[in-house]
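Asks: Can you read through this structure? Questions will come right after.
The values are calculated or read from the model by the stated rules, or taken from the named source; none is laboratory data. Everything numeric here is computed off the predicted structure, so don't read it as measured data. So basically every Cβ, Gly included, is an ideal-geometry build from the backbone, and we count neighbours across all protein chains shown. Only protein heavy atoms, including side chains, enter the accessible area calculation; ligands, DNA and RNA are left aside. Shrake-Rupley method; radii C 1.70, N 1.55, O 1.52, S 1.80 Å.
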Amino acid sequence: MQGSYSFQPNVLMQLLDDLDSGALKIVDLTTPLGPDTVVIDLPPQFAPSPGLTVTEIARYDDRGPAWYWNTLTMGEHTGTHFDAPIHWVTGKDLPNNATDTIPPRKFIGPACVIDVTADVAQNPDFLLSVERVKAWEGEHGRISAGAWVLLRSGWSARTSRDAFLNVGADGAHSPGFHQDTSAFLVNERDILGVGVETVGTDAGQAGGFTPPFPNHTTMHGAGKFGITSLVNLDQLPPTGAVVIAAPLKIIGGSGSPLRVIAIAPV
Ligand code: MN
């Protein structure tokens, strides 16, 4: 199909040139995926999601003299991973709600990075408020439809399992979104989804909110996405970066581990 539209043919080549020259950079927002990668710790009445197990099939030996490969076993929601709308009951009947049916155009979008690191350092249960989002917009501009909203909390500096999950006698303590904020981002801004540094897109205490897990409930009920366990958000500007996040094409998949990268100005 030539000549039916008039995009600038040099745009993609310019992108590569800018990456090569260093005018643009690739930021890897993905945490390493291995047997020690921390997964969410649900209360004992619920079925747990297993972390990664790696089993060697062959390694240049009599099982395969010239090749090396492994079998992987894990939950779909392990490490840096994508939450599809079908993950939550509120999104179960939506069209194109699973990893194989989401239109791939949605795997790329602009990033709005909201830095709450100082707040979270004071209060691990910090919740992003609508007021805070509007204050961010006052400084950086309105969040556009189809944007990823990335909550830069500093949480990825917590590398040990105990510090990352931060579970006390009364459950987990980690930051997230006030329920009004999730609704605002969906209804007033029509975002693509939210990304977080923590193990899930709801706050650690969100099982006790009304409704429980309001970010999952609201985002996935509206066909929006989530990404968790992001790293290196401190290397992104508040606006101007583009995130590429394409989950595995698992048939009917509720999510998958993925490599999340951003293209950002230097
Ligand atoms: Mn998940």
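Asks: Any residue at all in the range 86-95 that's of a type in the set (D, E, K, R) and over 29 Å from D234 (Cα atoms)?
Replies: yes
Asks: Now a separate question. Among the residues of the range 68-82, write down those that are polar (S, T, N, Q) and open to solvent by 10 Å² or more (accessible area, probe 1.4 Å).
Replies: N70, T71, T73
Asks: Taking only pairs six or more apart or across chains, which ones have beta-carbon atoms under 9 Å, a first residue in the range 34-47 that is under 25 Å from T71 (Cβ atoms) and open to solvent by 80 Å² or more (accessible area, probe 1.4 Å), and a second residue that is among the polar types (S, T, N, Q) and at pLDDT 95 or above?
Replies: P35/T53
Asks: For H216, state whether it is touching a Gly at 6+ places or on another chain (Cβ under 6 Å), part of a helix (DSSP H, G or I) and within 16 Å of the ligand (Cβ to nearest atom).
Replies: Considered against the rule, which asks whether it is touching a Gly at 6+ places or on another chain (Cβ under 6 Å), part of a helix (DSSP H, G or I) and within 16 Å of the ligand (Cβ to nearest atom), H216 comes out as no.
Asks: Continuing with this model, one more query. Mind listing whichever residues of the range 127-184 are in a helix (DSSP H, G or I) and of a type in the set (S, T, N, Q)?
Replies: S156, Q179, T181, S182
Asks: Which ones in the range 102-123 are within 16 Å of T201 (Cβ to Cβ) and either β-branched (V, I, T) or open to solvent by 20 Å² or more (accessible area, probe 1.4 Å) (or both)?
Replies: Residues satisfying the conditions are V113, I114, V116, V120.
Asks: Across the range 242-253, what is the number of residues that are open to solvent by less than 20 Å² (accessible area, probe 1.4 Å) and either small (G, A, S) or closer than 15 Å to V27 by Cα (or both)?
Replies: Qualifying residue count, the range 242-253: 3.
Asks: Okay, moving on. So which residues in the range 66-121 are in a strand (DSSP E or B), of a type in the set (F, W, Y) and more than 14 Å from the ligand (Cβ to nearest atom)?
Replies: W67, Y68, W69
Asks: Here are some residues: G204, G255, G195. Which one is in contact with a His (Cβ under 9 Å, 6 or more places away or on another chain), within 13 Å of the ligand (Cβ to nearest atom) and modelled with pLDDT of 95 or more?
Replies: Step by step, each of G204, G255, G195 is checked, and only G255 is in contact with a His (Cβ under 9 Å, 6 or more places away or on another chain), within 13 Å of the ligand (Cβ to nearest atom) and modelled with pLDDT of 95 or more.
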